[in-house]
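This report refers to the structure that appears directly beneath it.
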C-alpha cells in the first residue's frame, strides 16, 4: 500500500466510518452510614449485571435532572440531593436493541439519597443493593466507572 493511499484511509475514510459518541447521564446514588458511604447498584434489564442508573438525555430536563429521573425510574429514588456538578465521565460501548454497538460517553452525578420507594417504574425488571464504593467498583464492568466509584 502506498503512503498516499494509507494516508487517505487513515485521515479521510477512517473518521467517516467512526461513529460519534452518544451522550448519557448517570446517577451514583449513595447514603452515609456510620461505617461510611454505601452506593446503590441496580441490575441491568438484559444482562443482569450490576450498574448505576443511567440513560439518554430527556426533553425538559437538564443533565442533573435527567440523572435524577433515571434514579427514580430505575432504582426508586424519590427524594435526594443531587450534586449539580458532575463527578466525572466514563466511556463504554452500548449494545442497542437492534444488536448494533454505539460508543457512549456518560456524565456522572452523585445523589445523596433521602428516600427510596419499593414501587417504581422498573421495579419488576431490576434488583438493587447497597454496597461500599469499593465493592461497587469491583461489581461494575466499566473501568471508568470503577475509578469514579473508588474515588468516592
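Looking at segment 59-68 only, could you name the residues that are under 14 Å from residue 107 (Cα atoms) and assigned to a loop (DSSP other than H, G, I, E, B)? If you could, list the steps in order and put the result at the bottom.
The initial filter retains those residues of segment 59-68 that are under 14 Å from residue 107 (Cα atoms), namely 62-68.
Residue satisfying the conditions is 62 alone.
For residue 71, which of the numbered conditions (1) in a loop (DSSP other than H, G, I, E, B); (2) within 26 Å of residue 125 (Cβ to Cβ); (3) at pLDDT 95 or above fails to hold?
Evaluating residue 71 over (1) in a loop (DSSP other than H, G, I, E, B); (2) within 26 Å of residue 125 (Cβ to Cβ); (3) at pLDDT 95 or above leaves (1) as the failure.
Here's the yes/no breakdown for (1) within 15 Å of the chain's Cα centre (by Cα); (2) free of Cβ contacts under 8 Å to residues at least 24 places away in the same chain:
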position: 87; (1), (2): yes, no
position: 90; (1), (2): yes, no
position: 105; (1), (2): yes, no
position: 123; (1), (2): no, no
position: 129; (1), (2): no, no
position: 132; (1), (2): no, no
position: 137; (1), (2): yes, yes
position: 140; (1), (2): yes, no
position: 148; (1), (2): yes, no
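Of everything in segment 125-152 that's assigned to a helix (DSSP H, G or I) and touching a strand residue (DSSP E or B) at 6+ places or on another chain (Cβ under 7 Å), which residue is farthest from residue 30 (Cα to Cα)?
Filtering segment 125-152 down to residues assigned to a helix (DSSP H, G or I) leaves 125, 133-139, 143-150.
In the following step, the residues that additionally are touching a strand residue (DSSP E or B) at 6+ places or on another chain (Cβ under 7 Å) were identified as 133, 136, 139, 144-145, 148-149.
Numbers: 133: 9, 136: 11, 139: 16, 144: 18, 145: 15, 148: 13, 149: 11 Å.
This residue is 144.
Tell me, which residue of segment 79-124 that is at pLDDT 95 or above, in contact with a strand residue (DSSP E or B) (Cβ under 7 Å, 6 or more places away or on another chain) and not in a strand (DSSP E or B) is nearest to residue 40 (Cα to Cα)?
Going through the qualifying residues, I end up with 117.
Just wondering, is there one or more residues in segment 23-43 that are modelled with pLDDT under 95, in a loop (DSSP other than H, G, I, E, B) and over 14 Å from residue 116 (Cβ atoms)?
Yes, the conditions are met somewhere in segment 23-43.
The values are calculated or read from the model by the stated rules, or taken from the named source; none is laboratory data. Just so we're clear, the structure is a prediction, and the values are computed from it rather than from any experiment. As a convention, Cβ positions derive from the backbone with ideal geometry for all residues, glycine included, and neighbour counts pool all protein chains shown.
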